[in-house]
1. When the Kirkwood hydrodynamic radius is evaluated over all pairs of different C-alpha atoms of the stretch 244-402, what value in angstrom, to one decimal, is obtained?
2. Helix 338-362 against the longest principal axis of the chain: what's the angle in degrees, Cα atoms only, rounded to the nearest 10?
3. Of Glu224, Glu402, how do they rank once you tally other Cβ atoms within 10 Å and put the fewest first?
4. Quick one: net charge around Met386, please, counting Lys, Arg +1 and Asp, Glu -1 for every other residue with C-beta under 9 Å from its C-beta.
5. For the chain, take the longest principal axis of its alpha carbons; what is the angle in degrees between that and the long axis of helix 43-54, to the nearest 10 within 0 to 90?
6. What does the charge count around Leu554 come to, taking other residues whose C-beta lies under 13 Å from its C-beta (Lys +1, Arg +1, Asp -1, Glu -1)?
7. On the first, second and third principal axes, largest extent first, how far apart are the outermost C-alpha atoms of the stretch 53-204 in Å?
8. For the stretch 31-125, which semi-axes, largest first and in whole Å, follow from the square roots of 5 times the eigenvalues of its Cα gyration tensor?
Amino acid sequence: MKNFLPFFIIALLVVSCKKEKPEELSRIEFTGISQDIRPGDNFFMHVNKIWYDSVQIADDQVGVGSYSFLNIPQRQKLQNILEEVSNQEHPLGSVEQKVGDFYASGMDTVRIDARGVEPIKPILEEIDQIKDRAGVVAFVTAQMESGNNSIIGLRVGPDIKNSSINILHIGQAGLGLPDRDYYFKTDSSTVGIQRAYKKYLASLLDLAGGENGAQQVEIVYDLEKQLAQSHKTRIERRNIQANYNKFSVADLAQRNPNLSWTKILSTLALEVDSINVQQPAYYEKLDQLLGSVSLEDWKTYLRAHTLEGYADFLGSPFEKASFEYSKILLGQSQQQPREQSMVQQVDRMLGFALGQLYVKRYFDQEDKERVSELVSNLQKAFEARMTQLDWMSDSTKAKAKEKLYAITKKVGYPDVWREYDVSIDRDKYFENVVALRKNAYQYRIKDLNKAPNKEEWATTPSTVTAYYRSSHNEIVFPAGILQFPYYDKESDDAVNYGGIGMVIGHELTHAFDDNGSQFDKDGNLNNWWTPQDLEKFKAKTQQLIERYDSFTILDSIQVKGALTIGENTADNGGIAIAYDAFKLTQQGQDTVRINGYTPDERFFMSIARIWRVKVRDEFMRNYVTTNSHSPALWRVNGPLMNFTPFYETFDLGAEDQNFRSEEERIRIW
Ligand SMILES: [Zn+2]
């Protein structure tokens, strides 16, 4: 549909620049396309069904795919690095020594098992010695410095109304199950998870030498359930204004007398006059429970949560207990090999040190420039789309474009590497973990009352992901995602624009989704919309929420449109922007087939392939409840349903399941 293209793209279409031997352009072939499933019925499966049916989820995995931790080859690369550096001598204090020795300390399961519960005993004794409720808060406060969060969710981050300064935020906390909803749902799968969770905590209490774990766990669970009642749902938490409640410390001290904020802050040496309480109802409930629940019950709660917080570092019986729970929650039937769980621990705790080694070995500097150029092309395409939006006034468009070009781009890895001022001992896994957690806490609070560090990255360079951060107005593409199937420098543009191009478009659109749209170009919560435009934007957003509410997965589970609206807006925008940018390339303008497929076909097939994934049903249930992304099937089929060039490329008609009339095709950006 030509009216979807900015005028200058149409002008370019008349110039046909045929490439010689286009087959040589691409080493990426699309094989395994299912002819049984029509593109218009289910494009995700049209492209992925043969792969989906042939791929096996290993017994120790929750799924298989390209994204994030499901990317097994990526984890193997990290494992290779870790095995290599841990077997060599390195100067004390070097990146290699820290990474290698931390990994080796975690691989030494003989020593870890021999020590068992012993390393955590001093902490459990501290709990035994708590004499009063003030002692409960004092223990919790001290543990926060060791990165063991239980009932207080403390964070340092930009003031959303003044992004040039970091303030203290506290958010709801205190639960063990993945979400408040798990405490209240009564379907058989959730009841099974509640049971497995209780069993898990009971095992931990028993393993630590307690008596009657099963009985004590009821106390813990009951307390959690009461806390969960005050928790906001994930959908409610999308309301940014509602999460912004600055209280003076004096006021807060009066509101929550049992928590005694003045004491907490002085113990932690945090000098602030005010705190942003993201969910005040939680802290009111917590304060009330600190007053009404018996001291013994609180001590039981702290024992269980402390054990839970350290369970991964106390040897096989603890890990086994943790796995038994995870089996029910996520569905894998076998425990992961130690090497793989250690890859994740190193990435979690020393991720930027491991990232340095990863980048050295696996990242091509030239890709940084290539991808940066791609980002610029996507920005231009997005600007053109903004220009021709029929529902937005010129004044809002001007502000939107200003914000679009103010976005900071980060590609590959940080310019300044985070350092870990920690000494790592090859023989002391538990102590290493505690030292790294303390270091992480200090790292987080060091910038309180200062300007946010704009050099900082929120994910490690090796992670297969990308993100937009509204307070920094920045988009970030770690080295981990700059590889097949997202990006391949030997591929044709169709594959790359449908891959990393779609991801870039997605992240750019986050600056303008239900959440990002409330922030200005400087990252402040500040309305830049005219009232009329904002009303139209909200109406369109509502349409998209309702559309995704109508999607189901695993036959009966409904996608939560209001939880996933930000991601769905980004998916819809991302595909459209990437397509427009692709049409500006030479290949985008011609029709020469590669391996039998036209450039446009390859573009759309690349989109379906980057999100291809196969996961266990248990994992999917948890995902739909807790994740702000739609299931992969709908990340592909949902946006394409709204995108007319897709209809034209695959010749969709009213007989196709995912066909929507032009009026029903939702377009925001
Ligand atoms: Zn996203």
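1. Numbers: mean 1/r = 0.0448 Å⁻¹.
Over the stretch 244-402, the inverse of the mean reciprocal pair distance is 22.3 Å.
2. Here the helix axis deviates by roughly 50 degrees.
3. Values: Glu224 22, Glu402 12.
Starting with the residue having the fewest Cβ neighbours, the order is Glu402, Glu224.
4. Surrounding charge for Met386 is +2.
5. 60
6. -1
7. Largest first, the stretch 53-204 extends 50, 49, 48 Å along its Cα principal axes.
8. Output for the stretch 31-125: semi-axes of 43, 19, 11 Å.
Readers should treat all values here as calculations from the given coordinates under stated rules, not as data from a laboratory. This one's a predicted model, so the numbers in the text were calculated from it and none came from an experiment. Note that each Cβ is placed from the backbone with ideal geometry, even for glycine, and that neighbours are counted across all protein chains shown.
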